[in-house]
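The values are calculated or read from the model by the stated rules, or taken from the named source; none is laboratory data. If you're wondering where the values come from, they're calculated on a predicted model, not measured in any experiment. Positions of Cβ are generated from backbone atoms using ideal geometry, with glycine treated the same way; all protein chains shown enter the neighbour counts. These area figures cover heavy atoms from the full protein model, side chains too; ligands, DNA and RNA do not enter into them. Shrake-Rupley method; radii C 1.70, N 1.55, O 1.52, S 1.80 Å.
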Amino acid sequence: LLGMGISQTAQFRPVEHAAGKVMDGELVVINFHSGLYYSSVGVGTTIWQLMEAGHSVGEIAATIARNLQAAPETVAADTAGFIEQLLSAGVIEEASGPVSNVAVDYSGAYAAPTLTSFHDLEQSVAIDPPLQR
C-alpha cells in the first residue's frame, strides 16, 4: 500500500471487532476476531488518538510534526506506514466524519511509531471471548 500511497485526506476508525485504548502512554489494540493484540508507545499513541478523533492522515502528520518539531516529510511517511500496519492488522477501516477535540501529550522527542503484535492472548480469547462493545 505504501507504494500506492494512502491518501493524505483519508480518515480511519477502529473496526467493529476491534478496540483500542491509550493507558499510561501505551496504546493497546485488540482484534477480537483474530485474538491478537497490538501495542505501541510514543508517536503511535498520538496517531491513534488523532485518528480516533477523526483527523485525516495528513492532519495527523502535520500536527505531530508541528508539535514535536520533526521533519514533515518523515512524519508523513511514518504516519502513513503506521496506518498501513493498523490496516494490515485488520483493526481500522476507512471512515468519514466530523473531527472532535482530543487531548494529546506531545512530550518527548520524535521517534518513528512502531506496532508490536502479541499472540499470547489468542488462546484465552478463543476459549473465553471478551464482551464486544
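So the values come out like this:
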| quantity | calculated |
| --- | --- |
| Whichever residue in segment 13-45 is among the aromatic types (Phe, Trp, Tyr) and open to solvent by less than 40 Å² (accessible area, probe 1.4 Å) and, among such residues, is farthest from Ala103 (Cα to Cα) | Phe32 |
| Selection from segment 65-83 of residues that are buried (at least 18 other Cβ atoms within 10 Å of the Cβ) and either at pLDDT below 95 or acidic (Asp, Glu) (or both) | Asp78 |
| Condition check for Gly5: at positive phi and either over 12 Å from the mean Cα position of the chain (by Cα) or among the acidic types (Asp, Glu) (or both) | yes |
| Segment 1-12, residues that are open to solvent by 30 Å² or more (accessible area, probe 1.4 Å) and either assigned to a loop (DSSP other than H, G, I, E, B) or modelled with pLDDT under 95 (or both) | Leu1, Leu2, Gly3, Met4, Gly5, Ser7, Gln8, Thr9 |
| Selection count where residues are closer than 19 Å to Thr74 by Cα and surrounded by fewer than 23 Cβ atoms within 10 Å (Cβ to Cβ), scope segment 46-59 | 5 |
| Residue check, Ala62 small (Gly, Ala, Ser), open to solvent by 10 Å² or more (accessible area, probe 1.4 Å), assigned to a helix (DSSP H, G or I) and out of contact with any strand residue (DSSP E or B) (no Cβ under 9 Å at 6 or more places or on another chain) | yes |
| The lone exception for Asn101 - which of (1) surrounded by fewer than 18 Cβ atoms within 10 Å (Cβ to Cβ); (2) touching a Gly at 6+ places or on another chain (Cβ under 9 Å); (3) not hydroxyl-bearing (Ser, Thr, Tyr) it fails | (2) |
